[in-house]
1. Take each of the peptides 290-298, 328-336, 190-198, average the number of other beta-carbon atoms within 10 Å over its residues, and list them starting from the highest.
2. Per residue of the range 12-27, what does 6.51 cos²θ - 1.76 cosθ + 1.60 with θ = phi - 60° give for ³J(HN,Hα)? Whole Hz please, x for Gly and Pro, Karplus curve as stated.
3. Would you mind getting the accessible area per residue of the range 43-162, heavy atoms of the protein chains only, 1.4 Å probe, in Å²?
4. Bin all alpha-carbon pair distances of the range 201-255 at 5 Å intervals from 0 and give each bin's fraction as a whole percent.
5. What relative contact order, as a whole-number percentage, does the chain give when Cα pairs under 8 Å and 6 or more residues apart are counted?
6. Which residue fluctuates the most in the chain, going by a Gaussian network model with Cα springs under 10 Å, if the choices are GLY286, GLY216, GLY246?
7. Take the Cα pairs of the range 251-369, get the Kirkwood Rh, then feed it into Stokes-Einstein at 37 °C and 0.692 mPa s and tell me D in µm²/s.
8. Could you state the number of Å between the C-alpha centres of the range 244-283 and the range 312-369?
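The values are calculated or read from the model by the stated rules, or taken from the named source; none is laboratory data. The structure presented is a predicted model; accordingly, all values stated were derived computationally and were not measured. Note that we place each Cβ from the backbone using ideal geometry, even for glycine, and neighbour counts take in every protein chain shown. Calculation scope for accessible area: heavy atoms of the full protein, side chains included, ligands and nucleic acids excluded. Shrake-Rupley method; radii C 1.70, N 1.55, O 1.52, S 1.80 Å.
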Amino acid sequence: MKKSYILSLGAGLNQIELIQNIRKMNYKVISVDLNPRAPGKELSDIFLNISSHDYIKIIEEIKKLKINLVAVLTRSTGNPVLSVSKIAEEFGLSALNSNIAEILIDKNLFIDKLNELNIPSPKKYTIEKKDEIKFPVFVKPSKTNISHAGMNKCLDLKELEIDYENAMKYSENNQVNIEEYLLGYDFVSFDYIYENEIMHLITVGEISSGEPSFDGIGFYTCPFKIEKFISHTINKFLKIFSIKIGFIQTASKIDLENEVSKIYECHAEIGGDLVNDTFIPHIGKGYNVFEQVINLFLGNKPLLMKERIKPSIIFFLNKIKQYEINYQHELILNYIESKEYIIIDFKDFPTMFEYLREIKNISITNKRS
């Protein structure tokens, strides 16, 4: 009987945990990467020195190998998500539909589609019609593989011209989004979709550096009542898009006072930012996102977390050196520190939010008082 292989699109440092989990589940690993010395190469049974963007060549080479390919996954954002869909369709495997993948990886197409389908989302402007732009606006690359790159709030045309050019440097499709500047809290909903069934995993709130770039510096767990409020818009989006299978992470801006929730971004890869590999296993007492996503794309129904621990925060250590953060604070229940992050636990949500309010120059909302 042929050994079954799972393809990892990418073999860089970010893909190591995916490759390790594939091996733990007793599958052979075939990985592809443009870097001939990619760190995941040595952990793979077969390595192809091909760009993860070049799905046509990847398909050609896999056919030559005559292996039993049973799934394909990636942790990389942008074009590799489309490659996953195209490869899966060629070999009859479970994956996000490639037409949907093309929309999700392009913020320009994504916002246009949300607007077209009347799914709550920011209004979009164009640089050609400057007289129609209502400031402030938020500028970002339409398509990029670098998280938070080239993003900025603009107050006037002068700032817009500078930030537009900066965003263009990071854009893979030479397009830049100029969007309505939304007020509220940033939350990301993590959802499995299995045979059209939406299975909500968790919602996390984003902690940022604030205006003008809102660079992400960490995440926090959010109360169930907020999850319930957000789910209405998220579920509407997932159902209207007719997503049959996927691991979808949808970012929304939430104005809690006015009960307005607008979607502005979506990701369909397993993802990074220390959430799936570190934060969720911590709050879920060892819950393994990678194992469940691999099972999902093998055609099996994923399991959800049985329980969550107390409210928690994860900070990225390389992003918070300039902030005065007290890890010995009396409000803290306990904390875990590594070279990359610090996770802090609290007894309840009011205590966690009180602690966050005490840290100067960080933001969990841009809602004006």
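1. Sorting 290-298, 328-336, 190-198 by mean packing, highest first, produces 290-298, 190-198, 328-336.
2. x, 4, 5, 8, 4, 5, 4, 4, 4, 5, 4, 5, 4, 8, 6, 10
3. Solvent-accessible surface per residue comes out at 46 Å².
4. Histogram of Cα-Cα distances, whole percents per bin: 4, 15, 24, 22, 17, 13, 4, 1.
5. Values: 756 pairs, mean separation 52.4, N = 369.
Reported as a whole number, the value is 14 percent.
6. GLY286
7. The diffusion coefficient I find is 197 µm²/s.
8. Their Cα centres are 19 Å away from one another.
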